[in-house]
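Structure first, then comments.
The values are calculated or read from the model by the stated rules, or taken from the named source; none is laboratory data. If you're wondering where the values come from, they're calculated on a predicted model, not measured in any experiment. Every residue, glycine among them, receives a Cβ derived from its backbone with ideal geometry; neighbour counts consider all protein chains shown. Quick note on the areas: whole protein, heavy atoms, side chains included, nothing else; ligands and nucleic acids left out. Shrake-Rupley method; radii C 1.70, N 1.55, O 1.52, S 1.80 Å.
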Amino acid sequence: MSASPATRRLLAAVLAAGALVGAAAVPAAAHDDDRRGHHGRQSSIVIGDVQHDGRGRDSRALNREWVEVKNTGRGAVNLRGFTLTDQDGNRYRFDHLRLDGRSSVKVHTGNGRDTHRDVYQDRRHQIWDERDTATLRDDRGRVIDTESWGRRGHHDNHRR
């Protein structure tokens, strides 16, 4: 039994429309994957506020310079092995820090006693300049988030 010419034309039109819809959906899905972080999921760990340029060499001035790392998700995340770097290659590596859901930690440049809200790089010189970029990577070296500032107005480059 053979389909009529009208049925074949209708079937061809439906298949062509389906192919067009499918082709239009592919770029959107690929774009979403570019924003995904850890293991194909969008990461709940992001860079929050930044306080740069501590102005001074004493510990108090350096501790006024910090980058906030936030967990926007509900569950706790172990930041062990995560790194925070500036554009000059200065690096801070997290060690044994479990960041609760919906909480944050400030990574200070100077010296201090680490807590669940504040950690210290124990540096003697300013790290974050007036024009800089903070990059947060997971324990496998994959970029989770970036934040840039000081370039002809404020420029954010979040990977959220």
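Tabulated data
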read-out	value
Full-extension gain in nm, Gln87 to Ala61, via 0.36 nm per residue minus C-alpha separation	7.3 nm
Net charge over other residues, Cβ less than 9 angstrom from the Cβ of Thr135 (K, R count +1; D, E count -1)	-2
Whole-percent carbon and sulfur share, accessible surface of the stretch 45-116, 1.4 Å	38 percent
Length added when fully stretched, His96-His116, from 0.36 nm per residue minus Cα-Cα	6.2 nm
Per-selection Kirkwood Rh - the stretch 71-147 (Cα, Å, 1 d.p.)	13.0 Å
